[in-house]
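**Student:** Before I ask anything, here is the structure I am working with.
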Amino acid sequence: MKQGKRKLGASDIAGMIRREISNGNLQLHDRLPPERTLAEAYVVARGTIREALTQLMDSGWVTIRPGSGTYVTYQEEFSEATPIQSANPLELMDARFALEPHICRLAVLHGRRADFDLLDSLCSKMEQSRNDPVSFADADTEFHRALANCTRNTLLIWIIGQITSVRSQDDWTRMRQITLNPSIITQYNGQHRQILNALRTREPERAAKIMKEHLETARLSLTRAAET
């Protein structure tokens, strides 16, 4: 588990643990090392490890048992894992286009003040990470996950968890390194704020429209990066 000098985010670590599981180094029902041990191995804060484990849990790779530890639940024969493993960043964007604008509409209908306050705090974290792509990417992932949680639709929340797990794939990490510069982060931050404002003012179609614009911006950025 020795790592290089590049700063690692929760999505990076989730991807590395997924590879440990996929390669058979961690098997079904195995207990992962404690958070403190993982934090020392990856040279990150325990909060980063905790978020990585949450991402893995949300996508069905592990289960977290309070007071006991984190255990592998992934089984290779599960066919639903295959498209997640093989998906690339552009496929991720297509899936998000199909879901997230309507998620915004549902968030307007079912979101609560506490939900919007959480989204607000994540916007602030992203705005403070203009020059830190790793921290921005982690907060961005949590923003879109929290947005799905606003719907109170367990199926949609699960699907978004599956889609989000693609962000810890190697292709996504490489694309993030290419595309996330201060300029594009600033643009994304503005769009996130506009989405949140539309949610607070209970404007479902405006929220959906801004989300489409946000995803179009992200897809164009990924397409250009893929051509380099």
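**Student:** Once you charge only the Cβ atoms, +1 for Lys and Arg and -1 for Asp and Glu, what is the size of the charge dipole of the chain about its Cα centre, to the nearest 20 debye?
**Tutor:** My answer is approximately 560 debye.
**Student:** Hey, another quick one. Report the one residue of Trp61, Gly161, Ala107 whose Cα lies farthest in the direction of the positive end of the charge dipole of the chain (charges on C-beta: Lys and Arg +1, Asp and Glu -1; origin at the Cα centre).
**Tutor:** Checking the options against the dipole of the chain, the answer is Ala107.
**Student:** Kindly state, as a whole number, the per residue volume in cubic angstrom of the convex hull around the alpha carbon atoms of region 101-228.
**Tutor:** Cα-based convex hull of region 101-228, divided per residue, equals 89 Å³.
**Student:** Based on the Cβ-Cβ distance of Leu155 and Lys7, what FRET efficiency does E = 1/(1 + (r/R0)^6) give at R0 = 30 Å, to the nearest 0.05?
**Tutor:** 0.30
**Student:** Which FRET efficiency value, to the nearest 0.05, is calculated for Glu203 and Asn25 with the Förster distance at 35 angstrom and r the Cβ-Cβ distance?
**Tutor:** 0.10
**Student:** Right, here's the next one. Can you give the calculated 222 nm mean residue ellipticity of the chain, where each DSSP H run of n ≥ 4 adds -39,500 (n - 2.57) and the sum is split over every residue, rounded to the nearest 500 deg cm²/dmol?
**Tutor:** It lands at -22500 deg cm²/dmol.
**Student:** Here's something else I'd like to know. Which value in nm describes the separation of the simple spin-label points at Glu40 and Asp117, placed 7 Å from the Cα toward the beta carbon?
**Tutor:** With each label point 7 Å from Cα toward Cβ, the separation is 3.8 nm.
**Student:** Right, here's the next one. Take the Cβ-Cβ distance between Glu127 and Arg65 as r, set R0 to 45 Å, and report the resulting FRET efficiency rounded to the nearest 0.05.
**Tutor:** For Glu127 and Arg65, the calculated efficiency is 0.80.
**Student:** With an 8 Å cut-off on Cα pairs and a minimum separation of 6 or more residues, tell me the relative contact order of the chain in percent.
**Tutor:** 24
**Student:** Sorted from largest down, give the three principal axis spans of the alpha carbons of region 90-147, whole angstrom values.
**Tutor:** 33, 33, 11 Å, listed from the longest principal axis down.
**Student:** Under the Kirkwood approximation applied to all pairs of distinct alpha-carbon atoms, what is the hydrodynamic radius of region 10-72 in Å?
**Tutor:** About 11.4 Å for region 10-72.
**Student:** Using only Cα atoms and rounding to the nearest 10 degrees, what angle (0 to 90) does helix 113-127 make with the longest principal axis of the chain?
**Tutor:** Helix 113-127 sits at roughly 80 degrees to that axis.
**Student:** By how many degrees, 0 to 90 and rounded to 10, does the Cα axis of helix 133-149 deviate from the longest principal axis of the chain?
**Tutor:** Between the helix axis and the principal axis of the chain, the angle is about 70 degrees.
**Student:** Given springs between every Cα pair under 10 Å in a Gaussian network model of the chain, which of Pro204, Pro89, Pro66 has the largest fluctuation?
**Tutor:** Pro66
Readers should treat all values here as calculations from the given coordinates under stated rules, not as data from a laboratory. Every value quoted in this text rests on a predicted model; they were computed, and no experiment measured them. Cβ atoms come from the backbone with ideal geometry, glycine included; neighbour counts cover every protein chain shown.
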